[in-house]
Structures are given as structure tokens and as C-alpha cells.
């Protein structure tokens, strides 16, 4: 019998707004380790609420984790709008 609590949902296919994001690696070393609440997402950027201020990060330059998930998301591979990303299949490295 099918049960929804047994479903495994890939982090790529979930909406990220309202989730906690942590930058795992970046081409800009000053961004590594930054974290905050995702408050907006566009095709090219993710906006975080970090310590009361908004920080806009370019997806292309970061690899990140969502809500402490072990998998690292390569920002360059998820450069589309969130509503498009949720329904797409993604290349995995």
C-alpha cells in the first residue's frame, strides 16, 4: 500500500522559500559558511535574511545545502525560476 510518509522527495524539487540555506562552497571565499532564511528566489539569485538584513547571492557562484540536508546543491545547475525548477529533472554530477 502506498503511503505519503514513505515518499522521498529530492531537495531540488522542493520550494526553498522559508527554508534555511548554508553556503558550502563558492568561487568567492567570503560567502562560504554564510547562512540564513531564504526569502526570495529568482532565476539567477537567492535572497537570504541573515541577521536582520537581506543578502542576495548569485546561484552560479555558490554550492549550498538546504535545511541541513547532506546533499550539496550546485547553484549553477539550478538556474531557473523556482516554479520551473520544481517540475524539472536535473543533471547530477
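The values are calculated or read from the model by the stated rules, or taken from the named source; none is laboratory data. Keep in mind that this is a model prediction, so the values were computed, not measured. Glycine also receives a Cβ, built like all others from the backbone with ideal geometry; neighbour counts cover every protein chain displayed.
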ask   = On the given criteria, is residue 55 farther than 20 Å from residue 13 by Cα, assigned to a loop (DSSP other than H, G, I, E, B) and at pLDDT 95 or above?
value = no
remark   = Only one of 49, 37 is over 13 Å from residue 12 (Cα atoms), part of a strand (DSSP E or B), under 11 Å from the mean Cα position of the chain (by Cα) and touching a residue at least 12 places away in the same chain (Cβ under 8 Å), namely 37
query = Can you spot a residue in region 76-87 that is part of a loop (DSSP other than H, G, I, E, B), touching a strand residue (DSSP E or B) at 6+ places or on another chain (Cβ under 6 Å) and without any contact (Cβ under 8 Å) to a residue 40 or more places away in the chain?
reply = no
request  = Please work out which one of (1) in contact with a helix residue (DSSP H, G or I) (Cβ under 6 Å, 6 or more places away or on another chain); (2) outside any loop (DSSP other than H, G, I, E, B) is the condition residue 69 fails and give its number.
outcome  = (2)
